[in-house]
Amino acid sequence: MVCYNSDLMKIQVITLFPEMFEGVLGSSMLFKAQEKKLVSFEYINLRDFGLGPRQQVDDTPYGGGDGMLLKPEPIVAAIEVAKANDPGAVVILPTPRGKVYKQSHAKKLAKDLSGIIIVCPRYEGYDERITNWIDQSYCIGNYVLTGGELPAMVIIDSVVRLIPGVLGGNMSAEIESFQKDDNNIEFPQYTRPEVFKGMKVPDILLSGHHGEIQKWRDKESRDK
Ligand code: ADE
């Protein structure tokens, strides 16, 4: 039996665009998870740590090149504030240069941790020296996005749904079987009506034979 952390999970997000998170973290299951006090979200605006009268957070790259890089001082100052709030938190950086993010990572984060700090880079990247303050870097897929906010939301969603009580029902058993490995794909499912535009629900699902239904689902998962 896998034991999931049942304390409040504190998630702090360091970003220049906290408003991007409102819709995603403020809706549906992630909203309910906050209401149930299973998770808390806090936003730390990187701009507040910007330098000088213009609160500068970016600068041109040494050696030349297009675009701007996030300067190290504001990011590190923001991480230090987040760490002071939650000294045991793990610091995560979404980046195309990170490890490919998988279900097993989500599972480990949900199981082991009570605090996560996610740093969202923007512009063309960040000064490499910030990586000394990062514990784990993840790439959510082989494509490049304009910033770390969307990957951060993907990581948050995938972790929070694994916290016991978030999805309701007895999810943990389901989690264990569903997550035997990172390649497990769900079987197809159907609901009413039994026939839709001439397409019929597979007979086996109407048979009431639970053992046979399970065998069919296992086979469909494997075949996919
Ligand atoms: N930032 C930009 N693209 C990304 C990706 N695919 N994964 C994680 N962070 C990113």
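The values are calculated or read from the model by the stated rules, or taken from the named source; none is laboratory data. Bear in mind that the values here come from a model prediction, so they are computed numbers and not experimental data. Don't worry about glycine lacking a Cβ; one is built from the backbone with ideal geometry, like all the others, and counts go over all protein chains shown. Please note that ligands, DNA and RNA were not included when accessible areas were found on the heavy atoms of the full protein model with its side chains. Shrake-Rupley method; radii C 1.70, N 1.55, O 1.52, S 1.80 Å.
Annotations
- Total residues in the range 101-119, condition under 18 Å from ASP86 (Cα atoms) and either of a type outside the set (D, E, K, R) or in contact with a Phe, Trp or Tyr (Cβ under 8 Å, 6 or more places away or on another chain) (or both): 10
- Meets criteria (at negative phi, open to solvent by 30 Å² or more (accessible area, probe 1.4 Å), of a type in the set (Lys, Arg) and out of contact with any strand residue (DSSP E or B) (no Cβ under 6 Å at 6 or more places or on another chain)) for LYS10: no
- Residue list for the range 36-48, filter: out of contact with any Phe, Trp or Tyr (no Cβ under 8 Å at 6 or more places or on another chain), free of Cβ contacts under 8 Å to residues at least 60 places away in the same chain and open to solvent by 50 Å² or more (accessible area, probe 1.4 Å): LYS37, GLU42, ARG47, ASP48
- Considering LYS83, LYS71, LYS99, LYS107, the condition of being open to solvent by 70 Å² or more (accessible area, probe 1.4 Å) and more than 9 Å from the ligand (Cβ to nearest atom) is satisfied by LYS99 alone.
- When ALA152 is tested against (1) within 12 Å of the ligand (Cβ to nearest atom); (2) more than 17 Å from LYS99 (Cβ to Cβ), exactly one condition is not met: (2).
- Within the range 203-217, tally of residues that are surrounded by 12 or more Cβ atoms within 10 Å (Cβ to Cβ) and within 29 Å of GLN103 (Cα to Cα): 6
- Residue count for the range 86-96, restricted to those that are open to solvent by less than 20 Å² (accessible area, probe 1.4 Å) and within 16 Å of the ligand (Cβ to nearest atom): 5
Here is a yes/no grid of residues against (1) surrounded by fewer than 18 Cβ atoms within 10 Å (Cβ to Cβ); (2) touching a residue at least 40 places away in the same chain (Cβ under 8 Å); (3) under 23 Å from GLU19 (Cβ atoms); (4) of a type outside the set (D, E, K, R):
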site	(1), (2), (3), (4)
ARG122	no, yes, yes, no
THR131	yes, no, no, yes
ASP135	yes, yes, no, no
ALA152	no, yes, yes, yes
ASP157	yes, yes, yes, no
PRO164	yes, yes, no, yes
LEU167	yes, yes, no, yes
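- Residues in the range 35-63 that are basic (Lys, Arg) and either under 25 Å from the mean Cα position of the chain (by Cα) or in a strand (DSSP E or B) (or both): LYS36, LYS37, ARG47.
- Exactly one residue among VAL13, VAL24 is in a strand (DSSP E or B) and modelled with pLDDT of 95 or more, and that residue is VAL13.
- Residue, farthest from the ligand (Cβ to nearest atom), within the range 112-132, restricted to residues that are under 21 Å from MET9 (Cβ atoms) and at pLDDT 95 or above: GLY115
This table checks each residue for (1) in contact with a strand residue (DSSP E or B) (Cβ under 7 Å, 6 or more places away or on another chain); (2) not charged (D, E, K, R).
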| position | (1), (2) |
| --- | --- |
| GLU22 | no, no |
| SER28 | no, yes |
| LYS36 | no, no |
| TYR43 | yes, yes |
| PHE49 | no, yes |
